[in-house]
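K.L.:
This structure is in structure tokens; I'll ask about it shortly.
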Amino acid sequence: MRNTKSLIAKTKTGKTQSGKTKAGNSKDPKTGKAQITHTKSARTMMPKAKAARAKPAKKAKHKVLITGTPYDDVFHTLLIDCSELVIPLINEVFGTHYTGSEKITFSPNEHYLKRQGGNENERITDSSFRIEDPDGKGSRKYHMECQSRPDNSMLVRFYEYDTQIALDGGELKDNVLTVTFPCSALLLLRHRASSPDRLKIRMITPGGTVEYDIHVIKSQTYTLEEIFEKNLLLLIPFYIFTHEKRFRKYKEGSAGLAALQAEYAQIRERLEKLTARGIITEYTKCTITDMSKKVLDNIAKKHDSVREGVETVMGGKVLEYEAKTILKRGLEQGLAQGEELKLIQLVHRKLQKNKTPKEIAEDLEETIENITQICNAIQLCKSEDPKEIYQILKV
């Protein structure tokens with residue numbers, strides 16, 4: 001049995017002809033503007049002296065496409081730093097019955113999508129993870145994305161991501177390639193009445209038609225009471241979207257702004273009660289608060305009365321400082337291990353693509369010293385398990 005990662009052959013980038021644009025047009029070597037040609041190419045119409053100075057063709061660089069918005073960042077931060085918050089959301093969406101004690105393993109969010117000519121586009125998914133079954137006899141893959149509003153490219157992206165996730169864990173045995181697609185869901189922060197509750201991907205193959213659903217979570221359909229009753233605390237930072245259409249009416253001293261502040265005072269009080277009862281940690285409470293502030297800063301950047309009014313109620317700078325203090329303490333206790341394991345996984349994948357430590361450091365925006373240490377630990381470790389590599393780094 002072999003993992004399909006070893007089956008994907010490395011390809012070289014194709015060459016592009018310098019100075020040409022789409023539809024057969026060419027660029028003027030001095031102005032860079034497109035010249036429309038008909039019966040002859042631009043190069044044959046240039047004077048010989050200019051043609052002689054034309055630069056030779058260069059290798060095309062890989063295009064890196066990274067999806068990400070402030071709201072994606074908040075969603076991903078909550079999943080990684082407060083992973084326990086994802087379990088109730090998974091139960092709500094997929095009808096599962098996880099207890100919250102299950103092990104969650106996050107996959108590297110970096111995926112390389114093959115393109116024609118051997119090029120690869122790098123994509124970053126919001127979250128791809130595996131949850132162990134309660135009986136410990138198996139696990140299930142999940143893939144979730146966060147988007148502020150629907151668009152026509154969502155299904156294409158889901159198909160690309162899900163296919164790559166399935167290939168990453170594919171197995172080849174007895175001339176049969178087995179791939180397992182993840183259970184996928186979309187967290188939609190803005191929606192219309194026509195927005196569907198489910199999206200569908202249908203694959204027509206020579207062996208028959210296969211299709212699966214992508215569940216749509218419409219965050220604005222959940223009331224504050226439902227969020228706390230169902231323990232959907234991951235949705236709290238995005239609750240402000242339910243008020244977005246009324247921001248212009250929320251002037252200082254208005255009844256609308258007072259009602260908004262009352263709701264956020266209730267959020268703060270209920271989070272404090274959950275913390276006091278030990279249901280969530282102080283760190284989780286402060287992270288939810290800080291992420292709520294980040295969403296608020298973006299969605300209400302043109303509405304000072306709304307932003308300042310909510311920040312005043314939620315605690316603003318005091319809680320932000322408190323979260324940083326707790327994070328610092330948490331780092332000393334090992335809460336940063338998850339991020340370091342993720343970095344080790346990324347470095348390991350890039351080493352498999354024959355990248356040098358210097359190239360990896362540039363790709364990941366890390367210091368060359370840090371990447372070199374990780375590369376050395378990977379070479380020393382007899383296992384590919386990130387946790388064992390992590391232990392070598394800590395020795």
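K.L.:
Within the bounds of segment 313-324, is there any residue that is modelled with pLDDT of 85 or more and not assigned by TED's automatic domain parsing to the domain that holds Lys387?
P.N.:
Within segment 313-324, one or more residues are modelled with pLDDT of 85 or more and not assigned by TED's automatic domain parsing to the domain that holds Lys387.
K.L.:
Looking at segment 267-288, can you tell me whether even one residue there is at pLDDT below 90 and more than 28 Å from the chain's Cα centre (by Cα)?
P.N.:
No: zero hits.
K.L.:
Picking from Lys114, Lys59, Lys55, Lys141, which residue would you name as being modelled with pLDDT of 90 or more and not assigned by TED's automatic domain parsing to the domain that holds Leu346?
P.N.:
Lys141
K.L.:
Within segment 183-256, considering only strands (runs of 3 or more DSSP E) that don't extend past its boundaries, which have at least 1 residues that are exposed (fewer than 11 other Cβ atoms within 10 Å of the Cβ) and not aromatic (Phe, Trp, Tyr)?
P.N.:
Counting at least 1 such residues, we get 198-205, 208-218.
The values are calculated or read from the model by the stated rules, or taken from the named source; none is laboratory data. On a predicted model such as this, the values are computed, not experimentally measured, just so you know. Quick reminder, even Gly has a Cβ in these numbers, built from the backbone with ideal geometry, and neighbours come from all protein chains shown.
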